[in-house]
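See structure below.
The values are calculated or read from the model by the stated rules, or taken from the named source; none is laboratory data. Note that the structure is a prediction, hence the values are computed from the model and not measured. Here the Cβ positions follow ideal geometry from the backbone for every residue, glycine too, while neighbour counts run over all protein chains shown.
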Amino acid sequence: MRICVIGTGYVGLVAGTCFAESGNNVICVDVDEAKIEGLRNGVIPIYEPGLKELVHRNSAEGRLSFTTDLAAAVKESLISFIAVGTPPGEDGSADLKHVLGVAREIGRHMEGFKIIVDKSTVPVGTADKVRQAVQGELDRRGVSLEFDVVSNPEFLKEGAAIDDFMKPDRVVIGADNVRTAEIMKELYSPFMRKTNRLIVMDIRSAEMTKYAANAMLATRISFMNQIANLCELMNADVSAVREGIGSDSRIGYDFLFPGVGYGGSCFPKDVKALIKTAEECGYDFLLLKSVEQVNERQKRLLPEKILGYFGNNGASRPLAGKTIAVWGLSFKPRTDDMREAPSIVIIERLLELGATVRAHDPEAVREARKFFGDRITYSSSNQYDILAEADALAIITEWNEYRNPDFERIRALLRQPVIFDGRNLYKPARMQEIGFEYFSLGRTP
Ligand code: UGA
């Protein structure tokens with residue numbers, strides 16, 4: 001099939017590349033000329049394992065191309081995916097200006113039957129707005145052309161994007177036209193090997209499914225963070241509790257790891273947007289408001305533990321003179337993404353308390369500089385270098401290289417063997433055995 005994907009962000013670039021990999025002819029479109037020029041020369045704007053190889057191969061084989069010419073791309077394609085950003089507006093609601101702008105462009109340039117697919121995460125009712133925007137342009141041009149709008153939310157995770165896209169747990173298609181739903185099924189059939197879960201439903205339910213999924217996952221995380229905090233007060237072990245509850249097939253083991261709070265470009269934004277959507281319907285989504293509040297609090301936990309350890313002497317900058325080494329800056333491993341990363345809140349607070357901060361991250365240093373500038377020092381090469389003469393190590397992101405480190409080396413480098421672990425990477429009993437003061441979440445030695 002000939003398709004175009006408008007917006008070459010995370011979702012658009014991965015979707016376009018994977019559709020090309022399954023044999024389609026794909027044109028990826030973006031307004032950012034530098035980005036498109038880069039992609040044409042094989043430069044991938046994001047760090048995502050496996051993506052580069054796929055882009056190179058499919059470009060070389062002529063199935064994947066990049067352009068800023070939206071009009072030409074739309075004219076040549078049966079299906080146009082809209083995968084542009086929906087940043088949160090001032091009030092938390094999703095800002096649809098890019099999505100509707102693209103819809104108008106499509107209406108301005110289409111010449112025959114088109115399937116227009118909302119791939120971006122958009123609030124319930126957006127497909128109707130897209131339809132109106134396209135129809136408005138057709139009316140203005142005085143032409144009568146057929147088109148269908150489809151909602152096809154994306155569930156891929158950063159860091160595992162290619163795998164998630166190629167072997168999805170499910171694909172959701174919201175369509176009100178049987179013929180169009182069949183075409184979408186055909187497009188996705190190469191990816192239906194792991195499960196055969198292609199779920200066709202009405203458009204509004206498809207739009208809601210995306211928000212409900214992310215809100216549910218965020219709820220699990222906030223819930224587990226509170227259970228961990230309570231375990232800590234009661235001398236219980238949250239890892240054991242996770243095993244205990246996860247074995248119930250209705251609950252499951254996944255996504256029950258306490259941490260420094262959820263971040264990234266999706267959960268915080270989508271939780272806010274769903275609260276806002278509910279508000280617009282006159283409904284108070286109390287539960288989600290708490291999920292958000294708990295998350296804000298959780299991001300502040302690690303610096304408070306550090307402050308508690310070194311003693312709050314009442315000075316305005318009680319951690320002045322202390323150096324904290326930080327492992328991990330990105331919002332999660334295997335990505336360089338710093339959007340809404342808990343490290344931002346944690347490090348800002350440590351700086352406010354007067355601490356000197358040195359941070360290591362294998363991929364996110366360039367992005368992190370945009371947030372902290374020269375106020376902290378960075379390393380992306382050797383995770384041990386930043387430990388020399390530091391007063392404590394704080395672990396924020398669970399990169400694999402932090403999971404089984406050389407503890408002897410850590411001890412030799414730190415002023416005193418103290419670790420604040422925001423991801424529960426090590427066993428408290430073992431840490432005690434090897435002489436570390438070890439603070440984690442919801443577990444006592
Ligand atoms: C999330 C969803 O998992 C995807 O299904 C969805 O498609 C995507 O948002 C989106 O809407 O585009 P992503 O933001 O890439 O994907 O990251 P996740 O792996 O879901 O992690 C989100 C946050 O939750 C991270 O900050 C992570 O550290 C935190 N987390 C996750 C925990 O604190 N505990 C856990 O047990 C799991």
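Before we move on, is Asn424 at pLDDT 95 or above, crowded, with 19+ Cβ neighbours inside 10 Å and not in a helix (DSSP H, G or I)? So Asn424 fits the description; yes.
Against the test of being over 26 Å from the mean Cα position of the chain (by Cα) and either farther than 21 Å from Arg334 by Cβ or within 16 Å of the ligand (Cβ to nearest atom) (or both), the options Arg430, Arg403, Arg358 yield a single qualifying residue, Arg430. Exactly one residue out of Leu274, Leu256, Leu187 is closer than 30 Å to Glu53 by Cβ and out of contact with any His (no Cβ under 7 Å at 6 or more places or on another chain): that is Leu187. For the residues Ile173, Ile199, Ile251, the requirement of being away from the ligand (no atom under 11 Å from the Cβ), crowded, with 18+ Cβ neighbours inside 10 Å and not in a helix (DSSP H, G or I) singles out Ile173. Among the residues making up segment 141-170, those that are more than 16 Å from the ligand (Cβ to nearest atom) and surrounded by 19 or more Cβ atoms within 10 Å (Cβ to Cβ) are Phe147, Asp148, Val149, Val150. Among residues of segment 247-264 that are free of Cβ contacts under 8 Å to residues at least 40 places away in the same chain, those with a beta-carbon under 6 Å from a residue that is within 6 Å of the ligand (Cβ to nearest atom) at least six positions away or on a different chain give the pairs Phe255/Leu217.
Give the number of residues within segment 118-140 that are within 16 Å of the ligand (Cβ to nearest atom) and under 12 Å from Gly174 (Cβ atoms).
Pass one, segment 118-140, residues within 16 Å of the ligand (Cβ to nearest atom): 118-124, 126.
From what is left, the residues that are under 12 Å from Gly174 (Cβ atoms) are 118-119, 122, 124, 126.
Counting residues in segment 118-140 that are within 16 Å of the ligand (Cβ to nearest atom) and under 12 Å from Gly174 (Cβ atoms) gives 5.
Out of all the residues in segment 273-289, which are touching a Ser or Thr at 6+ places or on another chain (Cβ under 8 Å) and either within 13 Å of the ligand (Cβ to nearest atom) or hydroxyl-bearing (Ser, Thr, Tyr) (or both)?
Residues of segment 273-289 that are touching a Ser or Thr at 6+ places or on another chain (Cβ under 8 Å), as a first pass: 273, 276-277, 280, 287-288.
Within segment 273-289, Ala273, Thr277 qualify.
Considered as a group, the residues in segment 257-276 that are surrounded by fewer than 21 Cβ atoms within 10 Å (Cβ to Cβ) and over 24 Å from Gly9 (Cα atoms) include one that is modelled with the highest pLDDT, and that residue is Phe257. Can you tell me which residue is modelled with the lowest pLDDT among those in segment 33-73 that are within 22 Å of the chain's Cα centre (by Cα) and outside any helix (DSSP H, G or I)? Ranking the qualifying residues of segment 33-73, first place goes to Tyr47.
Within segment 244-278, the set of residues being of a type outside the set (A, V, I, L, M, F, W, C) and more than 16 Å from Glu340 (Cβ to Cβ) comprises Gly244, Gly246, Ser247, Asp248, Ser249, Arg250, Gly252, Tyr253, Asp254, Pro258, Lys276, Thr277. Scanning segment 215-226 for residues that are within 12 Å of the ligand (Cβ to nearest atom) and either without any contact (Cβ under 8 Å) to a residue 40 or more places away in the chain or farther than 16 Å from Gly263 by Cβ (or both) gives Met216, Arg220, Phe223, Met224. Taken as a whole, the condition of being closer than 30 Å to Ala94 by Cβ, within 27 Å of the chain's Cα centre (by Cα) and surrounded by fewer than 20 Cβ atoms within 10 Å (Cβ to Cβ) applies to Lys289.
Could you tell me whether Asn424 is in contact with a Lys or Arg (Cβ under 8 Å, 6 or more places away or on another chain), of a type outside the set (Gly, Ala, Ser) and within 16 Å of the ligand (Cβ to nearest atom)? When the stated conditions are applied, Asn424 passes them.
Residues in segment 330-354 that are crowded, with 20+ Cβ neighbours inside 10 Å, touching a residue at least 40 places away in the same chain (Cβ under 8 Å) and away from the ligand (no atom under 15 Å from the Cβ): Leu350, Leu353.
Is it true that Arg193 is modelled with pLDDT under 95 and either within 13 Å of the ligand (Cβ to nearest atom) or in a loop (DSSP other than H, G, I, E, B) (or both)?
yes
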